[in-house]
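What follows is a structure written as structure tokens; I'll ask about it next.
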Amino acid sequence: MKGTTKRPIQVVRTWVRRQPPKVKVFLAFVCAIAALIFIRMVVYDHDNLFIAAEAVHALGISVLIYKLATEKTCAGLSLKSQELTAIFLGSRLYCSFVMEYDVHTLLDLATLAATVWVVYMMRFNLNASYMHEKDNVANYYVVSSWVIPCALLSLLIHPTTQHYIVNRILWAFCVYLEAVSVLPQLRVMQNTKIVEPFTAHYVFALGVARFLSCAHWILQVLDTRGRLLTALGYGLWPSMVLLSEIVQTFILADFCYYYVQSVMGGQLVLRLPSGVV
């Protein structure tokens with residue numbers, strides 16, 4: 001019976017694997033639309049999707065903490081990604097504290113504390129196992145190509161709400177930086193080609209969190225018939241929020257596909273083909 005159940009899945013996997021890239025992109029788009037429709041039918045309060053996204057992110061960080069605490073190694077992890085994550089979480093926590101102060105604030109506080117602990121362990125206690133040669137995006141490149149452009153973009157395009165200008169700029173900065181914070185981690189995985197389970201679980205959790213967050217914004221816009229965009233402010237800012245969410249989702253989509261394929265195949269270690277991420 002078990003073999004009978006697996007056979008159709010294997011047939012589908014084989015068929016998808018043989019399709020050209022454009023067909024795979026179309027299939028991924030169709031699956032995303034189907035998932036959005038399903039979520040809209042089963043989740044009545046779509047604001048809960050954003051809470052779920054933050055909770056899944058926190059769960060992903062918890063997986064890293066378990067890895068570092070039990071295996072005593074940070075091999076396969078990008079310190080630069082963790083530091084970028086700490087920066088945007090710190091900015092978002094401040095904005096949440098002064099502008100909202102709700103359940104999102106508590107979730108961001110817990111996630112930031114866990115991320116800072118991961119950074120500390122990687123820099124000091126477990127630095128001997130840190131793969132410097134694989135996490136090879138230069139610091140000056142991270143700052144000049146990601147952090148500074150995000151800061152400049154936040155000065156130009158930010159919310160037009162009634163909050164203080166500094167708070168609005170920081171809000172925009174954390175949105176933009178979050179969109180690119182995972183790139184160094186993807187670079188490490190591309191360099192190693194083999195991703196051990198805990199790191200794979202963590203990155204997959206980020207992918208799920210991004211999709212839930214993206215679904216939250218899209219469904220909220222549909223539910224309010226576009227009024228949410230006006231509530232976020234005028235100008236380019238509402239469009240940039242949606243674009244940032246979509247960019248993050250697509251950045252991780254390729255990895256998540258191979259992760260699901262690996263899990264369905266019963267493989268504990270994820271092997272990435274060339275050109276992925």
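The values are calculated or read from the model by the stated rules, or taken from the named source; none is laboratory data. As the structure is a computational prediction, the values presented were derived from the model and not from experiment. Cβ coordinates were reconstructed from backbone atoms using ideal geometry, including for glycine residues, and neighbour counts include every protein chain displayed. Ligands, DNA and RNA are excluded from the accessible area calculation, which covers all protein heavy atoms including side chains. Shrake-Rupley method; radii C 1.70, N 1.55, O 1.52, S 1.80 Å.
Each row is one residue, and each column tells you yes or no for (1) without any contact (Cβ under 8 Å) to a residue 24 or more places away in the chain; (2) part of a loop (DSSP other than H, G, I, E, B); (3) surrounded by fewer than 20 Cβ atoms within 10 Å (Cβ to Cβ).
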site	(1), (2), (3)
VAL119	no, no, yes
ARG123	no, no, yes
LYS134	no, yes, yes
VAL143	yes, no, yes
LEU152	yes, no, yes
LEU155	yes, no, yes
PHE173	no, no, no
ASN191	no, no, yes
ALA209	no, no, no
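Out of SER129, SER62, SER81, I need the residue that is surrounded by 15 or more Cβ atoms within 10 Å (Cβ to Cβ) and more than 18 Å from the chain's Cα centre (by Cα). Which one?
SER129
Looking at the stretch 19-55, which of the residues that are outside any helix (DSSP H, G or I) and at pLDDT below 70 is surrounded by the most Cβ atoms within 10 Å (Cβ to Cβ)?
Filtering the stretch 19-55 down to residues outside any helix (DSSP H, G or I) leaves 19-20, 43-46.
Now restrict to residues that are at pLDDT below 70: 19, 46.
Working: GLN19: 12, HIS46: 19.
Restricting to residues being outside any helix (DSSP H, G or I) and at pLDDT below 70, the top hit is HIS46.
Condition check: without any contact (Cβ under 8 Å) to a residue 40 or more places away in the chain, assigned to a loop (DSSP other than H, G, I, E, B) and out of contact with any Gly (no Cβ under 7 Å at 6 or more places or on another chain). Does TYR101 satisfy that?
Working: without any contact (Cβ under 8 Å) to a residue 40 or more places away in the chain: yes; assigned to a loop (DSSP other than H, G, I, E, B): yes; out of contact with any Gly (no Cβ under 7 Å at 6 or more places or on another chain): yes.
Yes.
Could you check the stretch 65-74 and list, in sequence order, the residues that are open to solvent by 30 Å² or more (accessible area, probe 1.4 Å) and not polar (S, T, N, Q)?
Answer for the stretch 65-74, where residues must be open to solvent by 30 Å² or more (accessible area, probe 1.4 Å) and not polar (S, T, N, Q): ILE65, TYR66, ALA69, GLU71, LYS72.
Just one of PHE198, PHE97 is within 18 Å of LYS67 (Cβ to Cβ), modelled with pLDDT under 95 and open to solvent by 20 Å² or more (accessible area, probe 1.4 Å); which is it?
PHE198
If you don't mind, there's one more thing I want to ask. Residues of the stretch 100-117 being over 30 Å from THR192 (Cβ atoms), open to solvent by less than 40 Å² (accessible area, probe 1.4 Å) and of a type in the set (Ser, Thr, Tyr), which ones?
THR105
Looking at (1) farther than 15 Å from HIS57 by Cβ; (2) open to solvent by 30 Å² or more (accessible area, probe 1.4 Å); (3) in a helix (DSSP H, G or I), which is the one condition that is false for HIS163?
(3)
Which pairs do you get when a residue that is open to solvent by less than 60 Å² (accessible area, probe 1.4 Å) and modelled with pLDDT of 75 or more, found in the stretch 254-275, comes within reach of a residue that is aromatic (Phe, Trp, Tyr) and not in a loop (DSSP other than H, G, I, E, B), reach meaning Cβ atoms under 6 angstrom, with the pair 6+ apart or on two chains?
From the stretch 254-275, the pairs are CYS256/PHE204; TYR259/PHE204.
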